[in-house]
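Here is the structure we will look at, set down as C-alpha cells.
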C-alpha cells in the first residue's frame, strides 16, 4: 500500500473536500484528481464547479456536503470568505466548524491575516478539529505544474497525515511550527516579492531616463548579483510591456494591507512596506488594478516628467 492510499483508506475513509477552485485552487485540486484522490469541490462560481466536474470531481453547493470528509482543503480570496466558510452564519448557514467531525482536519491554503487565522484556530479547536495553515508560494503556472512551495504550521499530526497529498501538489514543503508561523512566513515572502517590483521599476525608469534600452538593462541585470528567479521569470513581460496578470496590482494591495496590518499589530515599523502599498494603490487608481503587479514599471514611467526620456 502506498503512503497516499494508506492516508486515504486509514485516516480519511471518504472523499477529500476542497472549497474554492479558482486560479490557484483548481490546478492543485486537479493534480490530486490526477493522482487518483476522490474529491468533492465547492465554489461560488458555477463555471469553476463545472470545470472540476468535467475533470472527475464531485461538486457541492453547500457546506453540509462535506460532512463525510475527514480532510477539507480551502483556497479562498480573503479573510471574510474564510470566516464565512468556517464560522457560517447561524443555524440557517452552518460553517465547517459546525459540520466537520471531531478529529477531522481543515488544510487552509489562502493568504489571510494572522488575526483571522487565530480566530479560525480557536473555533476549530473548540470542536476538536485540526487546523493546518498551509499558504502557497508560487504562480498559477507553478500550481499547474505542481511545483509551488507550501508553507505549513499547525497541528503536527495533521501535517503528517496530509503530507503525501501536499507532495502531489508541490515541489517543496516546509513545516514551520504549531501556530500561525506559516501565515507570517507567507507575509515575509510577499513583502520581498512586492518590493522587488517596486525597486526594479524605479531602477529601470531611471536607466531609461539616462538613455538606456530596457532590454539591455534586463540583460545586464540578469547576469548580475542582484538577479533573482522572480526577476528572470518576469523578463519577457518587462521587455515587451505585456502586463497580463499572473498576480494583479489589486491582489498585491490586499497582500500589502495584510503585511502592514501585521506589522502594526506586532509593533514592527514597516517603513518600506507602507510606501510600497501606496505605490500599488496609486497604480490601481491610474487604471492598472487588474494588471500584473510588475506594471509598476509602466505606472512609474507614465507619472515621470514629460520629456525626461532621451
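The values are calculated or read from the model by the stated rules, or taken from the named source; none is laboratory data. All of these numbers come straight from a predicted model, not from anything done at the bench. Note that we place each Cβ from the backbone using ideal geometry, even for glycine, and neighbour counts take in every protein chain shown.
Going by what's in this entry, would residue 229 be described as modelled with pLDDT under 95 and either surrounded by fewer than 15 Cβ atoms within 10 Å (Cβ to Cβ) or in contact with a helix residue (DSSP H, G or I) (Cβ under 9 Å, 6 or more places away or on another chain) (or both)?
When the stated conditions are applied, residue 229 passes them.
For the structure I just gave you, tell me whether residue 117 is surrounded by 21 or more Cβ atoms within 10 Å (Cβ to Cβ) and in the same structural domain as residue 138 (by TED's automatic domain parsing).
Numbers: surrounded by 21 or more Cβ atoms within 10 Å (Cβ to Cβ): yes; in the same structural domain as residue 138 (by TED's automatic domain parsing): yes.
So residue 117 fits the description; yes.
Quick one: count up the residues across the stretch 48-64 that are in contact with a helix residue (DSSP H, G or I) (Cβ under 9 Å, 6 or more places away or on another chain) and at negative phi.
Qualifying residue count for the region: 11.
Take the conditions surrounded by fewer than 23 Cβ atoms within 10 Å (Cβ to Cβ), closer than 27 Å to residue 143 by Cβ and modelled with pLDDT of 95 or more and apply them to residue 125. Does it pass?
Numbers: surrounded by fewer than 23 Cβ atoms within 10 Å (Cβ to Cβ): yes; closer than 27 Å to residue 143 by Cβ: no; modelled with pLDDT of 95 or more: yes.
Against the criterion (surrounded by fewer than 23 Cβ atoms within 10 Å (Cβ to Cβ), closer than 27 Å to residue 143 by Cβ and modelled with pLDDT of 95 or more), residue 125 does not qualify.
Can you pull out the strands (runs of 3 or more DSSP E) entirely within the stretch 74-185 that have at least 3 residues that are in contact (Cβ under 8 Å) with a residue 60 or more places away in the chain, on the phi > 0 side of the Ramachandran plot and touching a strand residue (DSSP E or B) at 6+ places or on another chain (Cβ under 7 Å)? Full working, then the answer.
Details: elements: 105-108, 130-133, 148-154, 170-175.
Of the strands (runs of 3 or more DSSP E) lying wholly inside the stretch 74-185, none has at least 3 residues that are in contact (Cβ under 8 Å) with a residue 60 or more places away in the chain, on the phi > 0 side of the Ramachandran plot and touching a strand residue (DSSP E or B) at 6+ places or on another chain (Cβ under 7 Å).
Could you list, in sequence order, the residues of the stretch 234-267 that are touching a helix residue (DSSP H, G or I) at 6+ places or on another chain (Cβ under 9 Å), in a helix (DSSP H, G or I) and farther than 20 Å from residue 79 by Cβ? Give the derivation first.
Just the residues of the stretch 234-267 that are touching a helix residue (DSSP H, G or I) at 6+ places or on another chain (Cβ under 9 Å), to begin with: 234-235, 237-239, 241-253, 255-263, 265-266.
Adding the requirement that they be in a helix (DSSP H, G or I) leaves 235, 237-239, 249-253, 255-263, 265.
Answer for the stretch 234-267, where residues must be touching a helix residue (DSSP H, G or I) at 6+ places or on another chain (Cβ under 9 Å), in a helix (DSSP H, G or I) and farther than 20 Å from residue 79 by Cβ: 235, 237, 238, 239.
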